[in-house]
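In what follows, a structure is listed as structure tokens, so that the remarks can point back to it.
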6 protein chains.
Amino acid sequence: MREVSNPSEILLSQRDEELSGIAISAMLEGARPMLIETQALVSSAAYGTPQRSATGFDTKRLNMLLAVLEKRCGFRLSTQDVFLNIAGGIRVEDPAIDLAVLIAIISSQQDLPISSKNCFAAEVGLSGEIRAVNRIEQRIAEADKLGFEAIYISKYNLKGIDQSKYNLEIKAVSKIEEVFGLIFG
Amino acid sequence: MREVSNPSEILLSQRDEELSGIAISAMLEGARPMLIETQALVSSAAYGTPQRSATGFDTKRLNMLLAVLEKRCGFRLSTQDVFLNIAGGIRVEDPAIDLAVLIAIISSQQDLPISSKNCFAAEVGLSGEIRAVNRIEQRIAEADKLGFEAIYISKYNLKGIDQSKYNLEIKAVSKIEEVFGLIFG
Amino acid sequence: MREVSNPSEILLSQRDEELSGIAISAMLEGARPMLIETQALVSSAAYGTPQRSATGFDTKRLNMLLAVLEKRCGFRLSTQDVFLNIAGGIRVEDPAIDLAVLIAIISSQQDLPISSKNCFAAEVGLSGEIRAVNRIEQRIAEADKLGFEAIYISKYNLKGIDQSKYNLEIKAVSKIEEVFGLIFG
Amino acid sequence: MREVSNPSEILLSQRDEELSGIAISAMLEGARPMLIETQALVSSAAYGTPQRSATGFDTKRLNMLLAVLEKRCGFRLSTQDVFLNIAGGIRVEDPAIDLAVLIAIISSQQDLPISSKNCFAAEVGLSGEIRAVNRIEQRIAEADKLGFEAIYISKYNLKGIDQSKYNLEIKAVSKIEEVFGLIFG
Amino acid sequence: MREVSNPSEILLSQRDEELSGIAISAMLEGARPMLIETQALVSSAAYGTPQRSATGFDTKRLNMLLAVLEKRCGFRLSTQDVFLNIAGGIRVEDPAIDLAVLIAIISSQQDLPISSKNCFAAEVGLSGEIRAVNRIEQRIAEADKLGFEAIYISKYNLKGIDQSKYNLEIKAVSKIEEVFGLIFG
Amino acid sequence: MREVSNPSEILLSQRDEELSGIAISAMLEGARPMLIETQALVSSAAYGTPQRSATGFDTKRLNMLLAVLEKRCGFRLSTQDVFLNIAGGIRVEDPAIDLAVLIAIISSQQDLPISSKNCFAAEVGLSGEIRAVNRIEQRIAEADKLGFEAIYISKYNLKGIDQSKYNLEIKAVSKIEEVFGLIFG
């Protein structure tokens, strides 16, 4: 990851209107919390085998997350091109980005924008379960400081977190379907 | 492998109900024992050649283990998509994870959950034999400390182990079929 | 990137006439601003699957940018060979080159040259949005010093920039279509 | 190769009965002699192109050795899946393992077990010749110490070796066919 | 690049007669100028898809240069095998070799030898333009010292060069077609 | 390359009879001259596309040398499997091995053994020319010391060599055809 002097400043000033296919993730780069933008572009594959391509994210992990969407949640993505991009030329290996990746993909496929006041921090497992991630309080604090209104985390990450310390709402979920219900439902 | 402050804490709090396709392995990271979750997703391949993909685990080793299941144990996996994932974004090279990988795959294919009180620590050979692994006592002790009720190991790892020191039950096996009989039978 | 004693000197002396398929980008190499030339060659694919090849630039990112042009802007590039080259044997990882890459591709496809007095410095997202980049003032100052007449940047990069300090015109845009309108329209 | 505290101990306790597809090689890891187990799994290819996969061993070298078996010794392996595995998660680059690889492959294909009292230490050339390897005495001494009854080496490695120093029998061979005659004949 | 004690000595003594498919490039290895031989072999592709292979040179860059020859200069190379080799086992990343690569390819395709008294030092862009390279005077001086009679460079590299200092003729060109006219015309 | 205590000793004791497909090369490993054995296995491709595989040698260079044999010397190898191996598990990057590679390939294809008293040290170019290599006297001296009777080198390597110092015969050649005439003719 290349050094970015004030990444949140750059991140948070990029949109006047809500665009579909974008979800923000509360990530860690080393010990430093950072809010980053995950972008997806899903559309019909015009020719032959669908394209699956990710910049800044592991393509094998993208394929795994698409398999979860297909086989656990019933989405039909197999005839569609899927592009994934992490804004800012950043390369992410923190599994806490998983949930934002899934949300961005469905947002693009359904053409439904996500409020830019929401952010996400959770790993997703092969059963479609929403998993806890490390240093969740640092992630929440950073999102709170930057003015986000809600953060979606795993309910297994709730222990010891004092909601009253934050202005933003902490939404605790345990399955992908729950998140989709809250976001798109 | 990225540093995780209290990995067992995170690991052991992720499930309210039992999910199929999950098996826990008693692994070593350097000298440190660590319990990690292996996840498999097996389902009919909808289109053309089946997908075989692993995140956090060597894909060639996954193919080898699938060949053992097919050719030694008679499972039919060749027309099915198989995804394998190590929870927590961890990358594993310790062959002691082999048995948990096989168990997770069959658990998903048969849609039979494994009790989350069981864990596994054994290498698997091309003949379907369950092989001893190094530092087995450290692995057993860690699983015991974390409250697991049973650990499956190779019978060739039994020498010098004092079962009476542990609360958890040590199940010694020598062939895949034995494990399957004990777990799914 | 190999060291180049006076890169701007070499860059700025290469053309007597305007050629299509070329766009200049205001890039950073470490802390040093540098103007570099992005070249594209787009033409009908004579045989079978079209070629997509980039030297000095990530091929996956090229494919992502082509997907944006196709799916967001309605260009038909899927039956055309696309070659991309960064002049000088330079390898670029700065996302600020994105906009120049897109402009070079369309310039070649439409066979419309870009004035060599224009330069570009902006990331492009999967929604076709023009994104802010870091150290924009250094980039603008270098382009100004070298005698460029206009630089295209993201409107989200405008904050705190004093246009009156520069001779070159700062053109702030937020979508690809805007840039195309200004350049080719 | 990962460190293994007492590798021979682990190696030599893994089998109650003889299994086909296994051959033991007297290898060097740096200056340290080590007996390791080579495993092969050969079976009819159920679907399309046969699989050729090796874990812990170079796949190109596996293909080369299969070509020798086919073109020099007349075996028909081209319609069969061939998996090769080095037990213990070890990665081997010592060419002295070649002979054990070939023996394991034929043992699996013919379903004929090799006595676990035999071991092997020789390179194999493209003409099917059995070639000398370096530090042969260290290899023989280690196999002797661990109780093996026979070691197969190249006859060009015999010079200066005093058979009377060892309990194990040294079998010197110069062509693959000779070894096969002695082992399977 | 491996060290070569007296590379020019070896280079300049290799030919009694002129062979087609060879062009000499004035290259830099670090700060050291060096004359090297670029070799091409172009012939009809006997079977299926034509082979494109380069040793010592980036295959993607070879494909890019072939696209320039096809799409800018009208050569038909798409049904021909093209092999490129840098003599001496050297690996080149200096873009100044581009022009010699193109000349070697056309020399082989047309079976017209290039005088071994000519050498080349210029980058080639996607528009077919001949581009300036760094440290051109060092390159010219080395070629002069070794007895070459002509060096082809970009006309944008002429500034500040005093032709009268050298015995060799400096031929300044700006487009591939010009070079071809001078060499093969 | 792994250290080999007395490589020549091992090399020179491997054969009682002459085998086809083997040629010995006088190589340098750093400053140390070393005689190594190059092995080829050429045979009809039984199934589909011919296999081209090299262990210890660059596969792209193998393909280049095969193209020279086909297109410059008229050999028909395109429907044949070609395997190349460097004995001893050695990996070679010295271009002086080229000539031995070609000789081994033709020896295997024609099933004509090369006298083990011959060795080779020359690069081969795309025109089929035999090229000089560095430190030729060290190579010759080592071959002489080990009792070889002839060494084939490039005639452009003859300068300054005093044949009378050596017992072995120095055969200087300039084209592949010459060597083939002397060896197989």
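The values are calculated or read from the model by the stated rules, or taken from the named source; none is laboratory data. Treat the numbers as computed from the prediction; the structure is a model and nothing was measured. Cβ: placed from backbone, ideal geometry, glycine included. Neighbour counts: every protein chain shown. Accessible surface is based on the protein model in full, side chains and every heavy atom, while ligands, DNA and RNA are left aside. Shrake-Rupley method; radii C 1.70, N 1.55, O 1.52, S 1.80 Å.
All but one of (1) within 26 Å of B:Asn63 (Cα to Cα); (2) of a type outside the set (A, V, I, L, M); (3) crowded, with 17+ Cβ neighbours inside 10 Å hold for B:Gly185, so report the exception by its number.
Going through the list (1) within 26 Å of B:Asn63 (Cα to Cα); (2) of a type outside the set (A, V, I, L, M); (3) crowded, with 17+ Cβ neighbours inside 10 Å, B:Gly185 breaks only (3).
Go through the range B:85-97 and give me each residue that's more than 20 Å from B:Phe184 (Cα to Cα), open to solvent by less than 10 Å² (accessible area, probe 1.4 Å) and not small (Gly, Ala, Ser).
B:Asn85, B:Ile86, B:Val92 - these are the residues of the range B:85-97 that are more than 20 Å from B:Phe184 (Cα to Cα), open to solvent by less than 10 Å² (accessible area, probe 1.4 Å) and not small (Gly, Ala, Ser).
Looking at B:Leu99, B:Leu112 in this structure, which one is in a loop (DSSP other than H, G, I, E, B) and either in contact with a Leu (Cβ under 9 Å, 6 or more places away or on another chain) or closer than 23 Å to B:Thr55 by Cα (or both)?
B:Leu112
Can you tell me which residue in the range E:134-143 is nearest to the other protein chains (Cβ to nearest Cβ), limited to those that are open to solvent by 10 Å² or more (accessible area, probe 1.4 Å) and of a type outside the set (S, T, N, Q)?
Ranking the qualifying residues of the range E:134-143, first place goes to E:Arg135.
Here is a check on your reading of the model: is F:Glu129 touching a residue at least 12 places away in the same chain (Cβ under 8 Å) and away from chain D (no Cβ under 14 Å)?
When the stated conditions are applied, F:Glu129 passes them.
Looking only at the range F:28-75, count every residue that is surrounded by fewer than 20 Cβ atoms within 10 Å (Cβ to Cβ), more than 23 Å from D:Gly125 (Cβ to Cβ) and small (Gly, Ala, Ser) and tell me the total.
Total satisfying the criteria: 4.
Taking the conditions exactly as written (under 25 Å from D:Ser108 (Cβ atoms), touching a Gly at 6+ places or on another chain (Cβ under 9 Å) and at pLDDT below 95), does B:Ser78 satisfy them or not?
So B:Ser78 does not fit the description; no.
Where residues in the range F:148-171 are within 25 Å of F:Leu112 (Cβ to Cβ) and open to solvent by less than 40 Å² (accessible area, probe 1.4 Å), which of them is nearest to the other protein chains (Cβ to nearest Cβ)?
So the residue we want is F:Ser154.
Return a yes/no flag: does the range B:65-75 have any residue that is at pLDDT 95 or above, part of a loop (DSSP other than H, G, I, E, B) and in contact with a Ser or Thr (Cβ under 9 Å, 6 or more places away or on another chain).
No: the range B:65-75 contains no residue that is at pLDDT 95 or above, part of a loop (DSSP other than H, G, I, E, B) and in contact with a Ser or Thr (Cβ under 9 Å, 6 or more places away or on another chain).
Which condition number does B:Asp81 fail, the rest of (1) over 22 Å from D:Gly56 (Cβ atoms); (2) in a helix (DSSP H, G or I); (3) acidic (Asp, Glu) being met?
Answer for B:Asp81: the failing condition is (2).
Take B:Glu37 and tell me if it is assigned to a strand (DSSP E or B) and of a type in the set (Asp, Glu).
Here the answer is yes, as B:Glu37 does meet what is asked.
When residues of the range C:98-112 are filtered for being more than 10 Å from every other protein chain (Cβ to nearest Cβ) and either surrounded by fewer than 20 Cβ atoms within 10 Å (Cβ to Cβ) or within 22 Å of A:Gly21 (Cα to Cα) (or both), how many remain?
Selection size over the range C:98-112: 5.
Please list, ordered by first then second residue, the pairs with beta carbon atoms under 8 Å, 6 or more apart or interchain, first in the range A:46-58 and within 11 Å of chain C (Cβ to nearest Cβ), second modelled with pLDDT under 90.
Sorted first by the residue in the range A:46-58, then by its partner, the pairs are A:Ala46/C:Ser78; A:Tyr47/C:Ser78; A:Gln51/A:Ala45.
What about F:Glu123, is it more than 14 Å from chain D (Cβ to nearest Cβ), among the acidic types (Asp, Glu) and open to solvent by less than 10 Å² (accessible area, probe 1.4 Å)?
So F:Glu123 passes the test.
Please go through (1) of a type in the set (Gly, Ala, Ser); (2) more than 14 Å from chain E (Cβ to nearest Cβ); (3) under 17 Å from C:Phe180 (Cα atoms) for C:Ala23 and return the number of the only condition it doesn't satisfy.
The number of the failed condition is (2).
Find all pairs meeting these conditions: Cβ atoms under 8 angstrom apart; at least six residues apart or on different chains; first residue within the range C:134-159 and assigned to a loop (DSSP other than H, G, I, E, B); second residue β-branched (Val, Ile, Thr).
C:Asn134/A:Val4; C:Asn134/A:Ile10; C:Phe148/C:Ile24; C:Leu158/C:Ile170
Quick check: is even one residue across the range E:49-71 touching a Gly at 6+ places or on another chain (Cβ under 6 Å) and among the hydrophobic types (A, V, I, L, M, F, W, C)?
yes
Suppose we keep only residues that are among the basic types (Lys, Arg) and away from chain F (no Cβ under 14 Å) within the range E:71-97. Which one would you say is farthest from E:Ile130 (Cα to Cα)?
Filtering the range E:71-97 for residues that are among the basic types (Lys, Arg) and away from chain F (no Cβ under 14 Å), the one farthest from E:Ile130 (Cα to Cα) comes out as E:Arg76.
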